[in-house]
Amino acid sequence: MTAYRTIVVGTDGSDSSYVAVDKAASLAADAGATLYVVCAYYPTDDRDVAAAADVLKDEAYQVRGSAPTNEILRTARDRAQAAGATDVVDRAVVGEPVESLLNLAKELPADLLVVGNRGLNTLAGRLLGSVPSDVARKSRTDVLIVHTVR
């Protein structure tokens, strides 16, 4: 197996995405790799947040600008370090998750891209696409899809 030197993992602040962070951190610790923890977001104003919160309910955390993103990244970095990763870099990226992850993986360049399987086996995921399936289909680097939702 190839020794990974640069690993990128995506998180959106959900419990399942933190499971992917834990797995990526464990791999980074074992390989002595640099781990990039990435959270993509869109900046929003208060009116947009209120409207989205009404529609999205529990998922509204995904649209609340960069302040929650910073907290998501802080939590992910702490979890990664607790899992043994010693070289952890966090990145907030403006944009949609799939393209943000793929662009960063290409820019670094990354050896491995890690995502959770959330949305992979849902009807919406099958019809509209999901982050894990789109990343796996479009990536030019190795992809690990962690079973975070069963």
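The values are calculated or read from the model by the stated rules, or taken from the named source; none is laboratory data. Everything quoted here is computed from the prediction, not taken from an experiment. Reconstructed Cβ throughout: ideal geometry from the backbone, glycine too, with neighbour counts over all protein chains shown. Just the protein is used for accessible areas: all its heavy atoms, side chains included, with ligands, DNA and RNA removed. Shrake-Rupley method; radii C 1.70, N 1.55, O 1.52, S 1.80 Å.
Couple of notes before you dig in:
- Contacts under 8 angstrom Cβ, first residue in the range 90-110 being open to solvent by 60 Å² or more (accessible area, probe 1.4 Å), partner among the aromatic types (Phe, Trp, Tyr) and part of a loop (DSSP other than H, G, I, E, B), 6 or more apart: Val94/Tyr42; Glu96/Tyr42
- Subset of the range 126-140 [of a type outside the set (Gly, Ala, Ser), open to solvent by 30 Å² or more (accessible area, probe 1.4 Å) and modelled with pLDDT of 75 or more]: Val131, Arg137, Lys138, Arg140
- If you go through the range 63-91 and keep only what is at pLDDT below 95 and assigned to a helix (DSSP H, G or I), you end up with Val63, Ser66, Ala67, Pro68, Thr69, Asn70, Glu71, Ile72.
- The number of residues in the range 19-36 that are touching a residue at least 60 places away in the same chain (Cβ under 8 Å) and either open to solvent by 20 Å² or more (accessible area, probe 1.4 Å) or farther than 18 Å from Arg91 by Cβ (or both) comes to 5.
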